[in-house]
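Bear in mind that the values in this text are calculations on the coordinates, not laboratory data. The shown structure was predicted, so the numbers you read here are calculated from the model rather than taken from an experiment. All Cβ positions, glycine included, derive from the backbone under ideal geometry; neighbour counts span all protein chains shown.
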Amino acid sequence: MLLLHDPVTGRPRVPAGTLTAGVVGGVLADMVLTGQVRVVRGLVRPGTGLPIERLGRVVSQRVRSHPDRDVSYWLEHLDPVPGLVVARLVRARLIRQVRARDAGSWWRRSRILIPAGPGHSRWLARQVGLILTGPGPLTTRELVLAGLVDGTGLLPAVVHAAGPASGTDPAFIARARTRIRRAHGRAPVPGCTEICAEVGRIARGPVLLP
């Protein structure tokens, strides 16, 4: 959520559909990694882990009610998730909400998310950029985050945060994208790689799977 919004203006960096898919995809991927849900042949099924937070309980309950729905369906039909993520970040004092003032746009019906400390948001983007462009291997969680960043089209922004000159170099961004795809190809994260691929498909951005 923090990466998907500009650290100064608080406005989304991506279209609304991409933002929703990215946030929901991140939540689903985290729940896969913690065993709260599973992805079986493209379908999202209940897991064995028990959600503690309300966010996890809401997702788990919906998945249990419709265990025959695929990843793409849930990326577009878990409407409460972005709001619950925002509420969590507000409670953690990482963001604050202000009402948008752009007349004549959908922003009038929404709120802008302003990082409580823009420096933290910039630091986060820089750290992610350094991880994704660094020489070392990616951990499982880093690989999943890399797939979501790539799928939502944020790769140039985080690469730029890591090094402004690199962020405007198409060849450097292409190398970072190739590294992410190869990492997913060599060691796909069961369930999570599929989620990242669907996020990319919805965003019409880079995809990790054919």
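Observations, loosely collected:
- A full extension of the chain between SER65 and VAL86 corresponds to an added length of 5.1 nm, given 0.36 nm per residue minus the alpha carbon distance.
- Order of LEU3, LEU84 - criterion: other Cβ atoms within 10 Å of each residue's Cβ, fewest first: LEU84, LEU3
- Dipole axis of region 16-203 (+1 Lys, Arg; -1 Asp, Glu on Cβ), positive-most option in VAL81, GLY151, GLY35: VAL81
- Three-way shape label, region 16-203, alpha-carbon gyration tensor, a/c 1.5: oblate
- Label point 7 Å beyond Cα of GLU76 along Cβ direction - residues of region 10-28 with amide nitrogen under 12 Å: 17-18, 21
- Under the combined filter of DSSP loop state and at most 14 neighbouring Cβ atoms within 10 Å, region 1-105 retains these trypsin sites (Lys or Arg not before Pro): ARG41, ARG93, ARG101.
- Here each label is just a point 7 Å from Cα along the line to Cβ, and for ARG54 and ARG96 those points are 2.2 nm apart.
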